[in-house]
Amino acid sequence: MTSSPLHLVIVNTPIGALGSGEGGGVELTLRSLVQGLVRRGHRLTVVAAKGSTLPVDCTGVELLEVEGVNQPSWQHAAAHAPVEIPHNGLLPALWETALDAGQSADAVINGGYDWLPLWLTQRVSAKLFHLISMGDVAAVMRDVIEAVAAWNPHRLAFHTHRQAADFQLPAPANVVGNGFDLTNYTFQIQTNGPLGWAGRIAPEKGLEDAAAAAAALGEQLLVWGFREDEAYARQVESSVPAGTIDWRGFRSTMELQQELGSCRALINTPKWNEAYGNVVVEALACGVPVVAYDRGGPGELVCSGNTGWLVPPDDVASLAEALRRVGSINRSACRSWAEAHASCEVFSQRVEAWIRTGLTADVSINPRR
Ligand code: UDP
């Protein structure tokens, strides 16, 4: 790196401690971002809930832990739901600390999907940057994201173009993808394993279609993930012949990648505009081809015919048909794609470029204080 190192404050989602798993995909994103930025020589301060842990090789990173009650997620909010902050909320506690630390830092990077830090962006002297982790889920969030974009589009980045397309932006979106510590994922060459599916067990993830496709082939489906919605899980189970689903539970990354890596294919069937699709890339990193709906992030990540197959959304017959053709995919090509596009090194490089461009960009209006 020829430019001088930056001091960056990274703020975790206000849902659980970093390393607890409660924060879902955002946690993996922030952990690999921290690792990548440390390796690039930057000075980092991480602001997260009490009990958080940092990735192993991150000595020297300052961790500021704060206490508070978890923020409700926007994931399942109604389209016109109001902004809610619980009594003794973690969200304002995180941002009080982050704004203090941000006074003397070059930039503050927000990993959470929350109204408060977005609204603060134009109104504080600390330079707040937001890595937006979901598409359009509620009007009040869409409005505040679009307001920041209209004020200064450099302050926002997205994981995929399809995610960014949910919002009205005045300039082409900064798309930074995502990144993974690929040393945690072992490439497995065998091609005759079972079918797999991974993700939160919740309606927007569309497990029922993957289960129906496995049933159409007369096969079992291995399912990993947190059972967020029990009633939905039972409904999916009863929609296919008994024994079709093999519930494997929520596993650590190490266990997940080991079991997932032995699969013949990962099926990914989002019903919403998935911002990225961590599990898609985690499968590819293990050499597992992905058969996915051509929708949201997964539709942008899978190279149909090279690293898996994309099929029309909600078309279970096409899903089953593509699974029959998965043997023609070269597993090494899957791993190579992950190495070229989604390592923590390339991800942190793209994030650094976004922040540096934002810091040098001319802000045409003065922040209101
Ligand atoms: N995951 C995990 N263990 C499991 C199943 C899933 O650690 O048994 C993780 C997975 O590695 C991924 C995250 O859960 O990082 C899910 O992220 P994704 O982007 O796929 O969906 P989200 O839940 O954020 O909508």
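Values in this text are rule-based calculations from the coordinates and carry no lab data. Everything numeric here is computed off the predicted structure, so don't read it as measured data. Cβ: placed from backbone, ideal geometry, glycine included. Neighbour counts: every protein chain shown.
To test your reading of the geometry: what angle, between 0 and 90 degrees and rounded to tens, separates the Cα axis of helix 25-39 from the longest principal axis of the chain? Around 60 degrees separate the two axes.
Highest mobility in the GNM of the chain, judged by mean-square fluctuation with C-alpha springs under 10 Å and restricted to R39, R335, R155, is found for R39.
The packing ranking, built from the mean of other Cβ atoms within 10 Å per residue, places the peptides 276-282, 186-192, 322-328 in the order 276-282, 322-328, 186-192, highest first.
Under 1.5 on a/c is rounded, so check that first for region 268-328, then, if it is not, pick prolate when a/b is larger than b/c and oblate when it is not; a ≥ b ≥ c are the square roots of the alpha carbon gyration tensor eigenvalues. It is oblate, given that a/c is not under 1.5 and a/b is not larger than b/c.
Distances between placed amide hydrogens fall under 5 Å for S304 paired with L310, all partners being 5 or more residues away or on another chain.
Listed values for region 146-162 are Karplus-derived 3J(HN,Hα) couplings in whole Hz (6.51 cos²θ - 1.76 cosθ + 1.60, θ = phi - 60°), namely 5, 5, 5, 4, 5, 6, 7, x, 5, 7, 10, 9, 10, 7, 9, 5, 5, and x replaces Gly and Pro.
From helices alone, the chain scores -10000 deg cm²/dmol at 222 nm; the rule is -39500 (n - 2.57) for each run of n ≥ 4 DSSP H residues, then divide by the residue total. Here the simple spin-label model places points 7 Å from the Cα toward Cβ, and for L217 and D143 these points are separated by 4.6 nm. Taking the Kirkwood radius as the inverse of the mean 1/r across Cα pairs, report the Rg/Rh of the chain. Rg/Rh for the chain comes to 0.97. Helix 90-102 and the long axis of the chain differ in direction by around 50°, with both axes built from C-alpha atoms. Each residue of region 350-355 was assigned a 3J(HN,Hα) from its phi angle through the Karplus curve 6.51 cos²θ - 1.76 cosθ + 1.60 (θ = phi - 60°); the sequence is 5, 5, 4, 4, 4, 5 Hz, with glycine and proline shown as x. Between L64 and V46, V47, A48, the built amide H atoms are under 5 Å apart, and every one of these is 5 or more places off in sequence or on another chain. Here the Karplus relation 6.51 cos²θ - 1.76 cosθ + 1.60, evaluated at θ = phi - 60°, turns the backbone of region 11-22 into coupling constants of 10, 6, 4, x, 10, x, 7, 5, x, 7, x, 5 Hz, with x for every Gly and Pro.
With R₀ set to 30 Å, the beta-carbon distance separating R324 from H161 gives a calculated FRET efficiency near 0.50. Among S238, S52, the ranking by other beta carbons within 10 Å of each residue's beta carbon, starting with the fewest, stands as S238, S52.
The lysines whose alpha-carbon is closer than 23 Å to the alpha-carbon of K205, local same-chain residues fewer than 8 away aside, are K271. The Cβ shell under 10 Å around G249 holds other residues with a net charge of +2, Lys and Arg each +1, Asp and Glu each -1.
Electrostatic tally near L64: other residues with Cβ closer than 15 Å to its Cβ, Lys and Arg +1, Asp and Glu -1, net -3.
Fewest-first ordering of L120, L63, L8 by other beta carbons within 10 Å of each residue's beta carbon gives L63, L120, L8. Annotation: amide H of D246 within the under-5 Å range of L221, L222, V223, sequence separation 5 or more or interchain, hydrogens built in the peptide plane.
In region 71-154, the inverse of the mean reciprocal separation of distinct Cα atoms equals 13.4 Å; this is its Kirkwood hydrodynamic radius. In terms of other Cβ atoms within 10 Å, K127, K205, K271, K50 run from fewest to most in the order K50, K271, K127, K205.
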